[in-house]
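One structure is given below, encoded as structure tokens.
The values are calculated or read from the model by the stated rules, or taken from the named source; none is laboratory data. Computed from a predicted model, the values in this text were never measured in an experiment. Don't worry about glycine lacking a Cβ; one is built from the backbone with ideal geometry, like all the others, and counts go over all protein chains shown.
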Amino acid sequence: MRRWVAASAVMLVVPMVAGFGTTADAQGAPADPIDALKRQLVENRGVKMSMVRTATEEKKEKDYVWTKAVAEFGKGKIVAVDMAHDSDRVKRIDPVRQIIFEGRQYIQNDYIPDGKSWLLNENNEVRPELDAGWIKLADPAMLKAVLATTKVKRPAGVYDGTRTTLYQGTMTVGQLSKASHGFPFGLVVMLTEEEAKAKMSWRLWLGEDQLVRRAWGSWSQPFSKNGGVPVSFVVDARLTGWGAETDIAAPSADHVWTPSDWSMPETSVPLNPAAG
């Protein structure tokens, strides 16, 4: 059950300028939302995201996690993300910042030992992502799979300076996992039958340039009949500054606590206190 909470608690930070890159402009108008997204995934370009995640456990008050992120693109995918999270939960949950590259996750919070400001987690399954709930917003394959389940399409409001069209539908976690190589639980984790059937309601607001400007999702956590507590989630994300120049750098080595440092037996550092 913890993996459902962890996967939905974190997501993933920093000023940028809106607009397409020059390559996209030279190619003319995009053919569809998938084409529009692919044109953005070029070297040193990116997008900003702000998101609110609300978790409601049965018969308890709501918990909120606020995330601000910047994603950097390159070679048709996200190559780095810089994100910050804060929560209204008890003081033990401190604000968290992460800088993530493929295979490397730098974490900054109040649990880092004196003399250092970052903790390095090296793991081959670490990937920089930009997610709204289960939807990876910069993954063309997933965007295509999500839009294929559209049930409603209608004109909507203005976001990030552009009038939008709302797309709305429902899909299962199993469909999302097939669309993106095992997401959201990782590359090697198999979904249970119950997890695969879990449904998520989604909404995407696409601008006149066919890029996502707002993403909303709602789902409930599958739970065991033997005592699991049901939890429902809602996420609401806004994307701005598509195509702005971006350069996310790793922290200086002098300020990083490495795996060899934090393997000392007398020290215990939570890698992701925001995940609960």
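Here are some notes:
- Some residue of the range 29-40 being touching an Asp or Glu at 6+ places or on another chain (Cβ under 8 Å), under 27 Å from Gln108 (Cα atoms) and modelled with pLDDT of 90 or more: no
- The lone exception for Val126 - which of (1) in contact with a Ser or Thr (Cβ under 9 Å, 6 or more places away or on another chain); (2) at pLDDT 80 or above; (3) of a type in the set (A, V, I, L, M, F, W, C); (4) farther than 20 Å from Asp236 by Cα it fails: (1)
- Restricting attention to the range 44-67, the residues being charged (D, E, K, R) and either modelled with pLDDT of 95 or more or on the phi > 0 side of the Ramachandran plot (or both) number 3.
- Residue check for Ser117: under 18 Å from Ala250 (Cα atoms) and modelled with pLDDT under 90: yes
- Complete set of residues in the range 142-152 that are more than 12 Å from Arg203 (Cα to Cα) and either crowded, with 22+ Cβ neighbours inside 10 Å or in contact with a Ser or Thr (Cβ under 6 Å, 6 or more places away or on another chain) (or both): Met142
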